Amino acid sequence: MDFRKTLAMTAACMAMGLAGSPSHAQDTIKIGMIAPFTGAMADYGRRILNGMNAYIKVHGDTVAGKKVEIIVRDTTGPVPEISKRLAQELLTRDKVNVLAGFGFTPEALAAAPLATRAKTPLIIMNAAASSITTRSPYVARVSFTLQQIAAPMGIWAAKHGFKNVFTIVSDYAPGLDAKAGFEKTFKENGGKIVGSVQVPLNSPDLAPFVHRIQDAKPDAVFVFVPGGDQITGFMKAFKERGLGKAGVKVLLVSELPNEVLQALGDSATNIFISTQYMEGRASPENEKFLKAYEQVSQDKELPAPYSVAGYDGMAAIYAVAKKLHGDMNGDKVMAALKGLKLESPRGPISIDPETRDIVQRIYIGSIQRKDGKNSVVELTHFDNVKDPGKQ
């Protein structure tokens, strides 16, 4: 089923719901899911929604005696104006109990004031700037922040022989957060930053920026750009410039869906990655997640880290609904979210009661190639990592 058909079905369900009785509305927990589903960033919306549906596959579509309904809305990309309009419609017309999704920071920042006004919880399932949860007391995050995954990489790199690093990040809030998180811990542990560049968020050609890395002659380059075409383009230019052969390594905090990981070919073996989710992690919860994700995914794709956030976002909603016996009053939901602990496919997670941000394990891995396929192998991990941007 393609996304247009999914939207049509969602619209039909909405029409039925709006025509229904008040008792029907009271018996339903409505989740307004806002993310890009078309355009260059469509992968984010699709995979987050797949994660949400995987949780429903495992745990059913009712909780605390109420039916769970996901109403999907497409921002077409990180367009704050569209996100704001969609959030307004979901809150006022569809009367959703929870806003969720938000692939990118501009989307989340645009919707946050509306969540405050409506006293409706907003669950972040990807957007990663540290500042988002400070914009509304009704925002909680189940994904990650860039500082949260970048800071451990700075510690690890400095302690594993990297002395001189060049940084390249996308020129928007999450990129600046990633840069700040890495540079702080890297310098504190004896490392030196030998150059830095910020690249346009939607720039497909990163070759001119890679030239600057070559001139700086670093041991490694720290990279954050959105997963997909940009990281593929960066690694292509990295390979063409001969940086890998020269011994330069890549310290990456971008998300790497499996198809991107494979598209990088043998250049991927130059990469060390910091991530909140290791797809090969052996645990009962991850095994259940992977099986369900394959069943709900149209093309049997493997999940990305933001897929897990969709799964965990639903786990949080279900846990709170059970605790509150189906009462989805916004203030009660936010109180129940604070300090919530869950066992996720990625490992143990919790919601910091002070910041409403996720606390989680961060993994450092290397990419290894065997039989023509790339995979991420865990080297070490850091437990109970909070968002350094708020400390």
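Quick notes
- Filtered residues of the stretch 72-89 (kept if of a type outside the set (A, V, I, L, M), surrounded by 18 or more Cβ atoms within 10 Å (Cβ to Cβ) and modelled with pLDDT of 95 or more): Arg73, Asp74, Thr75, Ser83, Lys84
- Qualifying positions in the stretch 174-206 - in a loop (DSSP other than H, G, I, E, B), closer than 15 Å to Ile231 by Cβ and not hydrophobic (A, V, I, L, M, F, W, C): Pro200, Asn202, Ser203, Pro204, Asp205
- Within the stretch 273-294, the residues that satisfy the criterion of being buried (at least 21 other Cβ atoms within 10 Å of the Cβ) and either aromatic (Phe, Trp, Tyr) or free of Cβ contacts under 8 Å to residues at least 60 places away in the same chain (or both) are Tyr277, Phe289, Tyr293.
- Looking across Gln368, Gln360, one residue alone is over 18 Å from the mean Cα position of the chain (by Cα) and under 23 Å from Asn258 (Cα atoms). It is Gln368.
- Boolean, Phe166 is in contact (Cβ under 8 Å) with a residue 60 or more places away in the chain and hydrophobic (A, V, I, L, M, F, W, C): no
- Of the strands (runs of 3 or more DSSP E) that lie entirely inside the stretch 273-386, those containing 1 or more residues that are acidic (Asp, Glu) span 341-344, 373-385.
- Taking the numbered list (1) surrounded by fewer than 22 Cβ atoms within 10 Å (Cβ to Cβ); (2) in contact (Cβ under 8 Å) with a residue 40 or more places away in the chain in turn, Ala178 passes all entries but (1).
- Yes/no for Ile213 being closer than 16 Å to Asn374 by Cα, assigned by TED's automatic domain parsing to the domain that holds Gly161, β-branched (Val, Ile, Thr) and buried (at least 22 other Cβ atoms within 10 Å of the Cβ): no
- Flag for Ala173 being touching a Gly at 6+ places or on another chain (Cβ under 6 Å) and either over 20 Å from Leu243 (Cβ atoms) or of a type in the set (Gly, Ala, Ser) (or both): no
- Restricting the stretch 370-380 to residues that are surrounded by 15 or more Cβ atoms within 10 Å (Cβ to Cβ) and either of a type outside the set (A, V, I, L, M, F, W, C) or not assigned by TED's automatic domain parsing to the domain that holds Leu261 (or both), the residue that is nearest to Pro348 (Cα to Cα) is Ser375.
- Taken together, the criteria exclude Thr120 from residues that are more than 24 Å from Ala319 (Cα to Cα) and not assigned by TED's automatic domain parsing to the domain that holds Tyr172.
- In this entry, Ser267 passes the filter for residues that are part of a helix (DSSP H, G or I) and either hydrophobic (A, V, I, L, M, F, W, C) or crowded, with 17+ Cβ neighbours inside 10 Å (or both).
- Counting the residues of the stretch 136-173 that are in contact with a Leu (Cβ under 8 Å, 6 or more places away or on another chain) and in a loop (DSSP other than H, G, I, E, B) gives 5.
- Any hit, the stretch 197-205, residues being modelled with pLDDT under 95, within 17 Å of Asn164 (Cα to Cα) and of a type outside the set (Phe, Trp, Tyr): yes
- Check on Thr76, over 23 Å from Val320 (Cβ atoms), polar (S, T, N, Q) and in a loop (DSSP other than H, G, I, E, B): yes
- Filtered residues of the stretch 351-391 (kept if of a type in the set (Lys, Arg) and farther than 22 Å from Pro303 by Cα): Arg356, Lys386, Lys390
- Positions within the stretch 32-48 being surrounded by fewer than 24 Cβ atoms within 10 Å (Cβ to Cβ) and in contact with a strand residue (DSSP E or B) (Cβ under 6 Å, 6 or more places away or on another chain), in sequence order: Thr38
The values are calculated or read from the model by the stated rules, or taken from the named source; none is laboratory data. Remember, it's a predicted structure, so these values are computed and weren't measured experimentally. When we count neighbours, we look across all protein chains shown, and the Cβ atoms used for this are built from the backbone with ideal geometry, even at glycine.
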